[in-house]
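Engineer: I'd like to ask some things about the structure below.
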Amino acid sequence: MTEVDRTSEAHNRRFPAFPIAGRAGASLKHDHLEAIYADDDPVGFFEVHAENYMGAGGPPHAVLSRIRRDYPVLLHGVCMSIGGPSPLDRNHLARFKSLVERYDPAVVSEHLAWSTHGDVFFNDLLPLPYTDETLVAVCDHIDEVQEAIGRQMLLENPSTYLLFETSDYSETDFIREVAARTGCGLLLDVNNVFVSATNHGFSALQYLSDFPLDLIGEIHLAGHRRQEDDEGEPLLIDSHDGPVADAVWKLYDIVIGQCGPIPTLIEWDAEIPDWPVLKAEAEAAQAILDRHTDTYMLGRRHASVA
Amino acid sequence: MPPLPDGDTARGGSFAGVFAPPLLDPARPVPDLVTGPRAKAAVKRYAVYRNNVTVSLIEALADTFPAVQRIVGDAFFRDLARVYVRAEPPVSPLLFEYGHGFADFIDGFEHTRQLPWLGDVARVERAWLDAYHAADSAPLQAEALGAVAPEALASLVFTPHPALRILRSPWPAVTIFAANRQPGPVGRIEERDGEDALITRPELEVFVRKLPPGGAEFLTRLATGATLGEAAEHATGASPHFDLAANIAGMLEAGAFSGISVGVDRA
């Protein structure tokens, strides 16, 4: 493992240290570039999907280099297939590692899901049963990723549309055990919690109270869509194609009130609106972060006095 | 669909080995290990994944092949792409690498026989995206060539720029490609002759040019290590209209190469 000296002057010139604590950010969409370049104060950070920057060169890297010069960048992997039984794709892991080295992202994250099996890439975040066997596979894969990149990654809770009869663990117990065994941090996607809670008929608040909140390094917020299941009851789809739902904002407010200001991303990946619309969503998250920053600091002081 | 890896049988069948096959095969039933909460049905629930997989891959093809989509129309393209996605799903998690077999697939697709040039348009679009993501390299400057002594010119060897692609078509593929990748209306295309395409990306913008007679023979030879003398002789043999000076000027302007060195003239 190569240690990067993050205190060296050369490193700091290439990668200015941008704090993201307490900031809200947005998905980086190339359609927004002109608007972002013209914006004096866009958002606290930008997050990119790692796979979009795994080509050898060309405009994607030119764009990301410029953005990284001016803003913090968070790297979000979508296709590592951490949750699958197959071994990780070594070539893909090597590409991921080189992106981490090239852009020194503030946060590196991946999903509790799988997308490749039997050499076929399915391009979706597919669900897994929560068993002793899958626990071992997930932990092995996270160990391998963290070893390769030489730093901690965050694991994101999934949104799911069905359940496995073979699951032995609740999702929160499974995630807590993965974090304990691997030392990974967690990315809490509040929209995913709401989507899964609706789809499977559990309480989102109960899920959050079972979730290891102290390990959260980042939060995701996004929009969802409503369909119906076989019984005609609501089935929510994690579509990332609209504004964050009111119910998700309420849950987010509760989480931030509980945990303090955690860097928060607005994801918007389809039917992408003009930049001011996405920015306004990030500003709404920032307002909640700012409101709780004051009371959170106050609460900590009171707690320490007591 | 490729066979499942041995690990599945070794483990007595993994959940993924059961969950995955019906995703791209609508004839297979919903895997019996999945359920809704409180034993609710999981048919529509599993269908969400089927839909996500198929639609997202169709959309990936639409992003890579917008001219093909425009030519055949959205509805036909989705049908064409759905058949392709099920026949040749991606094997790499990099979606911008998907669709290298799409042009061949179109060539063999019975419902596009009326559009025999469609496969070559897809080849140009696929090469466009390859050039877009190719490694960065400074293009060869005319001054570098100008500094070479005249007697050494014939033995020069050229380093192809990483983005360089050359395609030959018996159809006016470049004209059809260009007409369908610009935002305005597509007029009647009068060209009937075959066209050779030169695809380059000297800086950040991808360029697709129509090559002059003998140009494809010339550049293909140069790109595969022939000396300038050898490539010119070959091109002249292939086309009596081959104009060496114009082709050199054209390839420099396009940024087809990134360096020169003195090679051994085998002519």
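Engineer: Please specify each residue of region B:34-52 satisfying the condition of being basic (Lys, Arg) and part of a helix (DSSP H, G or I).
Structural biologist: Matches in region B:34-52: B:Arg38, B:Lys44, B:Arg45, B:Arg50.
Engineer: Any residue in region B:218-228 that is closer than 17 Å to B:Leu167 by Cα, among the hydroxyl-bearing types (Ser, Thr, Tyr), in contact (Cβ under 8 Å) with a residue 40 or more places away in the chain and not in a loop (DSSP other than H, G, I, E, B)? Give the steps one after another, and end with the answer.
Structural biologist: Going through region B:218-228, the residues closer than 17 Å to B:Leu167 by Cα turn out to be B:218-224.
Cutting the leftovers down to among the hydroxyl-bearing types (Ser, Thr, Tyr) gives us B:220, B:224.
Those still in the list that are in contact (Cβ under 8 Å) with a residue 40 or more places away in the chain too: B:220.
When the remaining residues are screened for being not in a loop (DSSP other than H, G, I, E, B), the result is B:220.
The answer is yes; a qualifying residue exists.
Engineer: Given (1) more than 14 Å from the chain's Cα centre (by Cα); (2) over 30 Å from A:Arg90 (Cα atoms); (3) away from chain B (no Cβ under 14 Å), identify the lone condition not met by A:Val178.
Structural biologist: (2)
Engineer: Right, something else. Considering each of B:Ala127, B:Ala152 in turn, give the residue that is open to solvent by less than 40 Å² (accessible area, probe 1.4 Å), within 17 Å of the chain's Cα centre (by Cα) and on the phi < 0 side of the Ramachandran plot.
Structural biologist: Numbers: B:Ala152 fails: within 17 Å of the chain's Cα centre (by Cα).
Criteria check complete, one pass: B:Ala127.
Engineer: Still on this structure: For a quick check of your reading: which helices (runs of 4 or more DSSP H) sit entirely within region A:26-144 and have at least 1 residues that are over 25 Å from A:Val277 (Cβ atoms) and within 12 Å of chain B (Cβ to nearest Cβ)?
Structural biologist: Values: elements: A:33-37, A:59-70, A:90-103.
Fully inside region A:26-144 and qualifying: A:59-70, A:90-103.
Engineer: Could you grab me the full set of residues in region A:66-106 that are of a type in the set (S, T, N, Q) and touching a residue at least 24 places away in the same chain (Cβ under 8 Å)?
Structural biologist: Correct list: A:Ser81, A:Ser86.
Engineer: Are there any pairs with C-beta distances below 8 angstrom linking a residue in region B:8-24 that is within 10 Å of chain A (Cβ to nearest Cβ) and at pLDDT below 95 to a residue that is open to solvent by less than 20 Å² (accessible area, probe 1.4 Å) and in a helix (DSSP H, G or I), with the two at least 6 apart or on different chains, and if so which?
Structural biologist: Within 8 Å, the pairs are B:Asp8/B:Ala16; B:Asp8/B:Gly17; B:Ser14/B:Asp8.
Engineer: How many residues does region A:259-280 contain that are among the charged types (D, E, K, R), within 15 Å of A:His220 (Cα to Cα) and surrounded by fewer than 20 Cβ atoms within 10 Å (Cβ to Cβ)?
Structural biologist: Start the filter on region A:259-280 by keeping residues that are among the charged types (D, E, K, R), which leaves A:267, A:269, A:271, A:274, A:279.
Subsequent filtering for residues that are within 15 Å of A:His220 (Cα to Cα) retains A:267, A:269, A:279.
After this cut, where a residue has to be surrounded by fewer than 20 Cβ atoms within 10 Å (Cβ to Cβ) as well, the list is A:269.
Result for region A:259-280: 1.
Engineer: Within region A:104-117, which residues are open to solvent by less than 10 Å² (accessible area, probe 1.4 Å) and not β-branched (Val, Ile, Thr)? Outline the logic, then answer.
Structural biologist: Filtering region A:104-117 for residues open to solvent by less than 10 Å² (accessible area, probe 1.4 Å) gives A:105, A:108-110, A:112-115, A:117.
Matches in region A:104-117: A:Pro105, A:Ser109, A:Glu110, A:Leu112, A:Ala113, A:Trp114, A:Ser115, A:His117.
Engineer: Among the listed residues B:Ala246, B:Ala232, identify the single one that is surrounded by 22 or more Cβ atoms within 10 Å (Cβ to Cβ), away from every other protein chain (no Cβ under 14 Å) and over 21 Å from the mean Cα position of the chain (by Cα). Full working, then the answer.
Structural biologist: Details: B:Ala246 fails: surrounded by 22 or more Cβ atoms within 10 Å (Cβ to Cβ).
Residue meeting the stated conditions: B:Ala232.
Engineer: Out of all the residues in region B:56-99, which are of a type in the set (A, V, I, L, M, F, W, C), open to solvent by less than 20 Å² (accessible area, probe 1.4 Å), more than 10 Å from chain A (Cβ to nearest Cβ) and assigned to a helix (DSSP H, G or I)?
Structural biologist: B:Ile58, B:Leu61, B:Ala62, B:Ala67, B:Val68, B:Phe77, B:Leu80, B:Ala81 - these are the residues of region B:56-99 that are of a type in the set (A, V, I, L, M, F, W, C), open to solvent by less than 20 Å² (accessible area, probe 1.4 Å), more than 10 Å from chain A (Cβ to nearest Cβ) and assigned to a helix (DSSP H, G or I).
Engineer: Based on what the data block shows, is A:Gly242 closer than 18 Å to A:Leu155 by Cα and in contact with a strand residue (DSSP E or B) (Cβ under 8 Å, 6 or more places away or on another chain)?
Structural biologist: So A:Gly242 fails the test.
The values are calculated or read from the model by the stated rules, or taken from the named source; none is laboratory data. Since we're looking at a predicted model, the values are computed, not measured. Glycine gets a Cβ as well: all are built from the backbone with ideal geometry, and neighbour counts include every protein chain shown. What goes into the accessible areas is simple: the full protein's heavy atoms, side chains included, and nothing from ligands, DNA or RNA. Shrake-Rupley method; radii C 1.70, N 1.55, O 1.52, S 1.80 Å.
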